[in-house]
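Report on the structure given below.
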Amino acid sequence: QVRVVESGGGLVQAGGSLRLSCAALGSTFRFNAVHWCRQASGKQREQVASIFRGGATRYVDSVKARFTISRDKANNTVYLQMNDLTPEETAVYSCHAQYSDGLYASRRDYDYWGQGTQVTVLT
């Protein structure tokens, strides 16, 4: 059973920085990707950054050049460094981890979500 745990959220002034962590505990499967998503109150969830097995990354346009996603393979942890935060980015940030087991016809895909961590950016 895999448990995804986010941490690092909190209060920060506009223009400040936070680093979020997403730890996938108990996984023995093959890592495929981790996506950081955020959901502000009353708004739809938005995927903001992703990192894939080969190291490729992807960002939503609004966070490019300010957010950096990275992975510590040894500790099965993915980080999201967020700089120059704005009040509009106040949201619950959650981690979606994708793993798989087996190959070809025997492949099984697994999706895991964490509980999320609150990020509040003050004006």
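The values are calculated or read from the model by the stated rules, or taken from the named source; none is laboratory data. In this text, all values refer to a predicted model and were calculated from it rather than measured experimentally. Neighbour counts run over all protein chains shown; Cβ positions are idealised from the backbone, glycine included. SASA here: full protein model, heavy atoms, side chains in, ligands and nucleic acids out. Shrake-Rupley method; radii C 1.70, N 1.55, O 1.52, S 1.80 Å.
The table for this structure:
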read-out	value
Residues (of a type in the set (A, V, I, L, M), assigned to a strand (DSSP E or B) and out of contact with any Lys or Arg (no Cβ under 8 Å at 6 or more places or on another chain)) located in the range 52-83	Ile69
Any pair with Cβ under 8 angstrom, 6 or more apart, that starts in the range 91-117 at a residue that is open to solvent by 20 Å² or more (accessible area, probe 1.4 Å) and part of a strand (DSSP E or B) and ends at one that is among the β-branched types (Val, Ile, Thr) and modelled with pLDDT under 90	Tyr110/Val2; Tyr112/Val2
Candidate set from the range 24-45 (those that are modelled with pLDDT of 95 or more and hydrophobic (A, V, I, L, M, F, W, C)); member that is farthest from Thr117 (Cα to Cα)	Ala33
Unmet criterion (only one of (1) touching a helix residue (DSSP H, G or I) at 6+ places or on another chain (Cβ under 6 Å); (2) in contact (Cβ under 8 Å) with a residue 60 or more places away in the chain) for Asn83	(1)
Unique match (being basic (Lys, Arg), more than 21 Å from Val5 (Cβ to Cβ) and surrounded by 15 or more Cβ atoms within 10 Å (Cβ to Cβ)) among Arg66, Arg71	Arg66
Selection from the range 1-17 of residues that are open to solvent by less than 30 Å² (accessible area, probe 1.4 Å), part of a strand (DSSP E or B) and within 17 Å of Thr86 (Cβ to Cβ)	Gly10, Val12
Members of the range 18-32 that are among the small types (Gly, Ala, Ser) and either loosely packed, with under 15 Cβ neighbours inside 10 Å or farther than 30 Å from Arg108 by Cα (or both)	Gly26
For Leu80: the one exception among (1) at pLDDT 95 or above; (2) more than 13 Å from the chain's Cα centre (by Cα)	(2)
Matching residues, the range 18-55, being closer than 15 Å to Met82 by Cα and of a type in the set (Ser, Thr, Tyr)	Ser21, Ser50
